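A.B. asks: One structure is given below, represented as C-alpha cells, and several questions about it will come after.
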Protein chains: 2
Amino acid sequence: MAGQGAERADAARNRRAVLEATERLLAEGGGDHVSLDRVAALAGVGKGTVFRRFGSRAGLLQALLEERSAALRRAVSEGPPPLGPGAPARERLLAFLDGLGAIAEGNAVLLAAHEQACAEDKFADPSYRFWQGHLRALLAEARPDLDADFLAHAVLAVFDGELVRAVTREGGPRHFTRSVQRMALALCERP
Amino acid sequence: MAGQGAERADAARNRRAVLEATERLLAEGGGDHVSLDRVAALAGVGKGTVFRRFGSRAGLLQALLEERSAALRRAVSEGPPPLGPGAPARERLLAFLDGLGAIAEGNAVLLAAHEQACAEDKFADPSYRFWQGHLRALLAEARPDLDADFLAHAVLAVFDGELVRAVTREGGPRHFTRSVQRMALALCERP
DNA sequence: TCCGGAAACGGACCGCCGGTCCGCTATGGC
DNA sequence: GCCATAGCGGACCGGCGGTCCGTTTCCGGA
C-alpha cells in the first residue's frame, strides 16, 4: 500500500479478497476447514492466484497473522511506554503479554491452523523471532541469573492455539492472558 | 498380551511389525515422511490392517508414544520415591521432569508428528491427561497460591517436538531437560 | 484330525488436499 | 489506442488419510 510502488490494482483487490475469504472460513469452521480450493472459490479467484500471492498455505496464514500483529510489533519497538522502550522490564513484560494475549485470544483458530501449517520451520518465522527476541531481552533484564533464551521460547510455547481455546472457553475472555502474566511474574520474582 | 484373552497370533505379529515399521520410518526421515501407505508396505501388511489396529494416523503415533512412556507412568503412580509417592513435591517434580524430558529428547520426531496428527483433541489424550494431572497435583502442593491447573498445561506446552529438537541440537543431550527443570524450580521458589 | 464360523487380512478404491503450469486476459505507461 | 507484460485461473498432478469387501487365516469344538 504505502510506497511499494509496484502492485497492480487487480492484484491488490485480489489480495484483500483472499485474506477476507480466509478469515471468513476460519470463523465458520475449524482450521482444517480452510482448504486453498475453498479460499480461492470464496474469494472468487483462481487457485493459482492464491499461491502466487502467498506461496503456500503456511504463507497465507502467516500473512493473516502478520496483519493482526503488525500494530503490536510497532508499538513494542517504537511506541510509548509501557509497551515501548522506557519502562522497567517488568512493566514492559506485562504490557507485552497483555497485547500478545489479546491477539491470541482473538485469533485462536488462526493460531492453531498456523502452527499446524508451519510445523518444521516455525522458529524461522520472522514474527516468532521478533517476539522471542523481545521476550528474551526483557527476561534477561528481569532475571539475569536464568536462561532467558530458553524461557522466552517456553513462554511463547504457551501461546498454543488449542490451549488458548481451551483456557478461554472455560475461563472467560481474559483468563488466558491473566494466567500467562501471572506465570511470567512468578518467573521474575526472586526467591 | 497378559490376560487380554482375545488377540489372534497373526494380529499380534502384525501389530508389532507395524509399530516397528513406524519407528524405522520416523528414524530415517521427518515426521511427514511417515505415510500410512509406507508404514504398511514396510511392515509387509495391507493398509487396512494398520487402520483396523490403530484407527487412524493419530492413533498409531499415540500407541507408539504410549509404549515409550508406559514405564514412566507406572513408576510415577506406584514406583519408589522420588518418582513415586512419598517424596516431597519438589523432588518428585524434578524426578518426573527428568523422566519426561528423557522421553521427549529420545523421541522428539515422534512427538512432533503426534502433535501434528492430534491437533484438535490433544487434551483428550489419556496420556496427556495423566501427565497434566500429575503435574497439577505436584505444583499445587509446592505453590498453593498459584493456578496449578494452568501451570501444568504451560509446563507441558514446553514439550513441543520442534522445540525439543532445536534446544537439543544446539545445547547437547540433556540441555532441554535441565532447562525445564530450572524453569520449574523458578516457578516453585517463593519470592 | 478335520471342519466351520468368525476374525483378520490386503489392496483397489475414494474424495480431497497442497502445489504446479501454461495459455489467456486485464492493466496501465507510452 | 497499442502493446509489453504482470497477473490470472482452473485443469492437472502425485500423494495423502481413510473405507470397503471378497479372500485368507486362525483356532476351538466335535
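A.B. asks: If each label sits 7 angstrom from Cα along the C-beta direction, how far apart, in nm, is B:PRO80 from its counterparts in the other copies?
C.D. replies: For B:PRO80, the inter-copy label distances come out at 6.4 nm.
A.B. asks: Something else: Mind checking B:24-32 for the average number of partner chain beta-carbons within 10 Å of each residue's beta-carbon?
C.D. replies: Taking the mean over all residues of the peptide, I get 1.
A.B. asks: Let me understand the range A:56-188 better: what is its radius of gyration from the alpha carbons, and its Dmax, in angstrom?
C.D. replies: That works out to 14.2, 41 Å for Rg and Dmax.
A.B. asks: Towards the positive end of the charge dipole of the range A:56-188, with charges on Cβ (+1 Lys, Arg; -1 Asp, Glu), say which of A:PRO126, A:ALA89, A:GLN62 has the farthest Cα.
C.D. replies: Farthest towards the positive end: A:ALA89.
A.B. asks: Another question, then. When the distances between all Cα atoms of the range B:1-55 are binned every 5 Å from zero, what whole-number percent does each bin get?
C.D. replies: 4, 20, 29, 22, 13, 7, 4, 1
A.B. asks: What's the average, rounded to a whole number, of partner chain beta-carbon atoms within 10 Å of each residue's beta-carbon in B:158-165?
C.D. replies: Shielding by partners across B:158-165 averages 4.
A.B. asks: Starting at the first residue of the range B:12-20, write each ³J(HN,Hα) from the Karplus equation 6.51 cos²θ - 1.76 cosθ + 1.60 with θ = phi - 60°, in whole Hz, x for Gly and Pro.
C.D. replies: Result, rounded to whole Hz: 5, 4, 5, 4, 4, 4, 5, 4, 5.
A.B. asks: Can you work out which chain B residue has the shortest Cβ-to-axis distance for the rotation that carries B onto A, and give it in Å?
C.D. replies: In chain B, the Cβ lying nearest the symmetry axis toward A is B:ALA157, 2.
A.B. asks: I've got another one for you. Counting pairs of alpha carbon atoms under 8 Å apart in space and at least six apart in sequence, what relative contact order in percent does chain A give?
C.D. replies: Reported relative contact order: 19 percent.
A.B. asks: If you don't mind, another one. Simple spin-label model, 7 Å along Cα-to-Cβ: B:ARG129 to A:GLU141 in nm?
C.D. replies: Taking the two extended label points, one gets 4.4 nm.
A.B. asks: Give the angle, between 0 and 90 degrees and rounded to the nearest 10, that separates the Cα long axis of helix B:89-106 from the longest principal axis of the Cα atoms of chain B.
C.D. replies: 30 degrees
A.B. asks: What shape does the protein assembly as shown take by its C-alpha gyration tensor, where a ≥ b ≥ c are the square roots of the eigenvalues and a/c under 1.5 counts as rounded, a/b above b/c as prolate, and the rest as oblate?
C.D. replies: In terms of gyration-tensor shape, oblate.
A.B. asks: Per residue of B:37-47, how many C-beta atoms from partner chains lie within 10 Å of its own C-beta, taken as a mean?
C.D. replies: Rounded to a whole number, the mean comes out at 0.
A.B. asks: Let me ask you something else. What does the extension gain come out to for B:HIS33 and B:LYS47, with contour length at 0.36 nm per residue minus their alpha carbon separation?
C.D. replies: Answer, rounded to one decimal: 3.4 nm.
No value in this document is a laboratory result; all are computed from the given coordinates. Computed from a prediction, not measured in an experiment: that's the story for all the values here. Note: ideal-geometry Cβ built from the backbone for every residue, glycine included; neighbour counts use all protein chains shown.
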